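Below you'll find the structure, written out as structure tokens, and then a few comments.
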Ligand code: SAM
Ligand code: SF4
């Protein structure tokens, strides 16, 4: 039910460059069952305090106001969202929302560990789709890359997703020179065997350890060259505001995607906002500032109406201040203080 914010496209989340924001990525936790080297350090992590983490009801509250302002798609991420015991409840609450008269879409980005045991309850709760991250199909390499011996659990998650009604199913891999660049074809084959689309992501400077180095990043062009040696690649038209460029493999119907955030940024079509697990709103992965929503959610003196207006105001201010792009190539580029696990990928 909508309370305080008038559903309106004219007052929707449009930034000063005319970009309409219809996608909210919600990080449910900064904690994780893995320690992917490009995302978070193995040790020495300083976790968000439990009391600062938004509850299911608080997340649903922000989502409701966002839906009233034109957000139609909600992606639950983290950290690892499957670590939240109330994940199905969050999915159910958000999936029950409508935006512009239509049901919203709720999707999940996960490392897949534990997905097999919970997929039925997530589907029943109204989950629309799932993206599963897998960077390698070799157990020894998986251990080296994630510091955990859990490849079998990830594969079980992919198997379960493939057997579920959640479609399209997407698998994500960060492509890294000297780490998994010899596995691009194997990863696509894994996806094809599970009726899924493999998507390769250029590594971004978002590791909590701040050790990103451009030279270890495999570029879009390099990825396409490797894939092009095995398949003919035909660009799929109509990318819209999607981060991934998609290509048909051998004239389709199977496809592969490349997310070239660094060498071919897609900021001009960005429609995304991000909510951290502790209730801070970010207009960009690379934003160095955040606006607080937790205060509005927890100030007891606010009426329901004032609270909705305050949340809407923060959403609008964040969008209003959004910059044109991330400027990773700029010599003055500053990596955000939070790592990817704490921002929400
Ligand atoms: N734990 C879940 C997972 O791994 O899918 C959700 C959170 S994770 C931060 C979301 C996505 O961000 C994953 O696909 C991961 O590979 C990607 N990611 C993390 N750090 C990255 C980086 N430095 N550059 C590019 N992608 C990154
Ligand atoms: Fe965890 Fe996902 Fe980050 Fe890997 S990429 S450490 S699975 S949050």
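The values are calculated or read from the model by the stated rules, or taken from the named source; none is laboratory data. Computed from a predicted model, the values in this text were never measured in an experiment. Neighbour counts are summed over all protein chains in view; Cβ atoms, including those assigned to glycine, are modelled from backbone coordinates with ideal geometry.
Checked against the criterion of being in a loop (DSSP other than H, G, I, E, B), under 30 Å from residue 214 (Cα atoms) and in contact with a helix residue (DSSP H, G or I) (Cβ under 8 Å, 6 or more places away or on another chain), the candidates 287, 324 yield just one match: 324.
Please specify each residue of region 104-137 satisfying the condition of being surrounded by 24 or more Cβ atoms within 10 Å (Cβ to Cβ) and on the phi > 0 side of the Ramachandran plot. Passing the criteria: only 112.
Looking at residue 295, is it within 25 Å of residue 341 (Cα to Cα), assigned to a helix (DSSP H, G or I) and at pLDDT below 95? No, not satisfied.
Considering region 240-262, and only residues there that are over 21 Å from the mean Cα position of the chain (by Cα) and not in a strand (DSSP E or B), the residue that is surrounded by the fewest Cβ atoms within 10 Å (Cβ to Cβ) turns out to be 253.
Quickly run through region 68-94 and pick out the residues that are over 21 Å from residue 117 (Cα atoms) and either in contact with a helix residue (DSSP H, G or I) (Cβ under 8 Å, 6 or more places away or on another chain) or surrounded by 24 or more Cβ atoms within 10 Å (Cβ to Cβ) (or both). Listed by number, the residues that qualify are 68, 69, 71, 74, 94.
Between 265, 237, the distinction of being in a loop (DSSP other than H, G, I, E, B) and free of Cβ contacts under 8 Å to residues at least 40 places away in the same chain belongs to 237 only.
The set of residues in region 51-63 being part of a helix (DSSP H, G or I) and under 18 Å from residue 295 (Cβ atoms) consists of 51, 52, 57, 58, 59, 60, 61, 62, 63. For region 291-323, the tally of residues that are touching a residue at least 24 places away in the same chain (Cβ under 8 Å), loosely packed, with under 15 Cβ neighbours inside 10 Å and closer than 27 Å to residue 19 by Cβ stands at 3.
Quick check on region 56-74. Is at least one of its residues in contact (Cβ under 8 Å) with a residue 24 or more places away in the chain and within 16 Å of ligand 2 (Cβ to nearest atom)? Within region 56-74, not a single residue is in contact (Cβ under 8 Å) with a residue 24 or more places away in the chain and within 16 Å of ligand 2 (Cβ to nearest atom). Residues that are within 16 Å of ligand 2 (Cβ to nearest atom) and either assigned to a helix (DSSP H, G or I) or modelled with pLDDT under 95 (or both) within region 80-92 comprise 81, 82, 83, 87, listed in sequence order.
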